[in-house]
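The values are calculated or read from the model by the stated rules, or taken from the named source; none is laboratory data. Not measured: the values here are computed from a predicted model. For neighbour counting, all protein chains shown are included, and Cβ atoms are generated from backbone atoms with ideal geometry for every residue, glycine included.
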Amino acid sequence: MIYICGDSWCSSDPDYPEITPWHELIPNSKTLAFNCASNLLISEQVNQAINNNASHIIVSFTSSLRSELLWKDEVVPFSWLSLDNTTPFDQSTLNSLREIFERIDLSTEIKRNELIIESTLQRLVDSSIPFLFDQGGFEHPSYGGSNTYFAKFDQYRSKYSLWDYAGRGYHRPYFHIEDQNIHNMIADYYNNFIQA
């Protein structure tokens, strides 16, 4: 079984039933990805894939401004940039989170996520399971980050980063690629990796 780990870039979008997302075009695959997953939660998806003896793993990392909160006995992922009615939190909790966000140091969050991602990549290498990863969020060069992140793992880096195909200037809760041709191109690339 091929496992796909990530956030909304790797999950199906109910608002676009006419588009078949790239991950659904990969035979014998299972996506563990879900909307708004943080890099920590993506790391847990990778652990699950490794523990399930995946034949191949595809990982799409995400923004450093993702976190998770225990809410009504459930771990709820959220983005610090979307503290609004797209979350299940009540107004008081949203107000408290907004106050906390004003005191968050972005460079510290990027470093925290860098360490999570590096640890996850090393676990993947140690597992000997063939894998590819792509790099998203603030670490991604197109968002002003440095392209020197994770250079030690460059041989496992995907040719495509899903973040390169984002529509700019708006946010949607699920995958952000609305062109079927791009989904097909990405699926073909990963299918060739799996068959190699």
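A few notes on this one:
- Qualifying residue in the range 18-29 (condition: in contact with a Phe, Trp or Tyr (Cβ under 8 Å, 6 or more places away or on another chain), assigned to a helix (DSSP H, G or I) and crowded, with 18+ Cβ neighbours inside 10 Å): yes
- Boolean, H176 is farther than 14 Å from I58 by Cα and at pLDDT below 90: yes
- The set of residues in the range 30-40 being surrounded by fewer than 22 Cβ atoms within 10 Å (Cβ to Cβ) and more than 12 Å from C10 (Cβ to Cβ) consists of L40 alone.
- As a summary of the residue check, L115 satisfies the conditions (1) touching a Ser or Thr at 6+ places or on another chain (Cβ under 7 Å); (2) farther than 13 Å from S60 by Cβ; (3) at pLDDT 90 or above except for the one numbered (1).
- Filter result for S82 (surrounded by fewer than 17 Cβ atoms within 10 Å (Cβ to Cβ) and either in a loop (DSSP other than H, G, I, E, B) or not β-branched (V, I, T) (or both)): yes
- Selected residue (only one of S67, S43, S55 is touching a strand residue (DSSP E or B) at 6+ places or on another chain (Cβ under 8 Å) and within 17 Å of I117 (Cβ to Cβ)): S67
- Filter result (in a helix (DSSP H, G or I) and free of Cβ contacts under 8 Å to residues at least 40 places away in the same chain) within the range 100-113: I100, F101, S107, T108, K111
- Pair list, Cβ < 6 Å and 6+ apart or interchain, from the range 63-82 residues that are more than 15 Å from R98 (Cα to Cα) to residues that are small (G, A, S) and at pLDDT below 90: S63/G137; S64/G137
Residues are listed down the side, and each one gets a yes or a no for (1) more than 15 Å from the chain's Cα centre (by Cα); (2) more than 30 Å from Q195 (Cβ to Cβ):
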| residue | (1), (2) |
| --- | --- |
| S38 | no, yes |
| K72 | yes, yes |
| S79 | no, yes |
| S92 | yes, yes |
| E102 | yes, yes |
| F131 | no, no |
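- Members of the range 114-141 that are assigned to a helix (DSSP H, G or I), among the aliphatic types (A, V, I, L, M) and over 14 Å from L40 (Cα atoms): L124, V125
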